[in-house]
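Visitor: Below is one structure. I have some questions about it.
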Amino acid sequence: MKVKRSDRDGIAQITIDNPPVNAFGAAVRQGVLTHLKEALADPSIDGIVLTCAGRTFVAGADISEFDGPELLPSWGEVMSAIEYADKPVVAAMHGTAL
């Protein structure tokens, strides 16, 4: 599982765990979007923290996707869902980050 969610005291923590650099590929984007939508719909959740496992925050795109058609969800779709969320969403960045 490349993305997981845990809840504590009204805060949903969405954690990307896609070693070695937590590349933001299609599976990660889908996982983030799914967990984000679920947390936003959950009345017990007041805020959302996006974080990464390991020593690196998202270090960029998955370069294996560069030569093919765009895989959904797109970067823009995920970023729009975060930007227009009706609950606070913060990124707990650490280590190397794009």
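Visitor: Over the chain, what is the percentage of antiparallel beta bridges among all DSSP beta bridges, to the nearest 5? Can you show the working numbers first?
Guide: Working: 7 of 17 bridges.
Beta bridges within the chain, antiparallel portion: roughly 40 percent.
Visitor: Right, something else. Top mean-square fluctuation among 74, 64, 44, Gaussian network model of the chain, C-alpha springs under 10 Å?
Guide: Residue with maximal mean-square fluctuation among 74, 64, 44: 64.
Visitor: Same structure, new question: How much net charge surrounds residue 61 when only the other residues with a Cβ under 13 Å from the Cβ of residue 61 are counted, with Lys and Arg +1 and Asp and Glu -1?
Guide: Numbers: positive: 29; negative: 62, 65, 67, 70.
In short, -3.
Visitor: How much solvent-accessible surface does residue 7 expose, in Å² to the nearest 10, with a 1.4 Å probe and all protein chains in place?
Guide: 80
Visitor: Also, I was wondering about something else. Kindly provide the helix-only [θ] at 222 nm of the chain, computed as the sum of -39,500 (n - 2.57) over DSSP H runs of four or more divided by all residues, to the nearest 500 deg cm²/dmol? Display every interim value, and only then the final one.
Guide: Details: 2 runs with 25 residues, N = 98.
That comes out to -8000 deg cm²/dmol.
Visitor: Now for a different question. Take the eigenvalues of the Cα gyration tensor for the chain, scale each by 5, and report the square roots as semi-axes in whole Å, largest first.
Guide: Values: eigenvalues 100, 49, 23 Å².
Semi-axes from the Cα gyration tensor: 22, 16, 11 Å.
Visitor: If I fit a long axis through the Cα atoms of helix 26-41 and take the longest principal axis of the Cα atoms of the chain, what angle between them do I get, 0 to 90°, rounded to 10?
Guide: 10
Visitor: Still on this structure, I have one more. Per residue, how much accessible area does the chain show when a 1.4 Å probe rolls over the protein heavy atoms, in square angstrom?
Guide: Normalised by residue count, the accessible surface of the chain is 60 Å².
Visitor: When only alpha-carbon atoms count, how far does segment 55-98 stretch along each of its three principal axes, as whole angstroms with the largest first?
Guide: Principal axes ranked by extent give 35, 27, 10 Å for the Cα atoms.
The values are calculated or read from the model by the stated rules, or taken from the named source; none is laboratory data. Since this is a predicted model, take the numbers as computed values, not measurements. Virtual Cβ from ideal backbone geometry, glycine too; neighbours counted across all protein chains shown. SASA here: full protein model, heavy atoms, side chains in, ligands and nucleic acids out. Shrake-Rupley method; radii C 1.70, N 1.55, O 1.52, S 1.80 Å.
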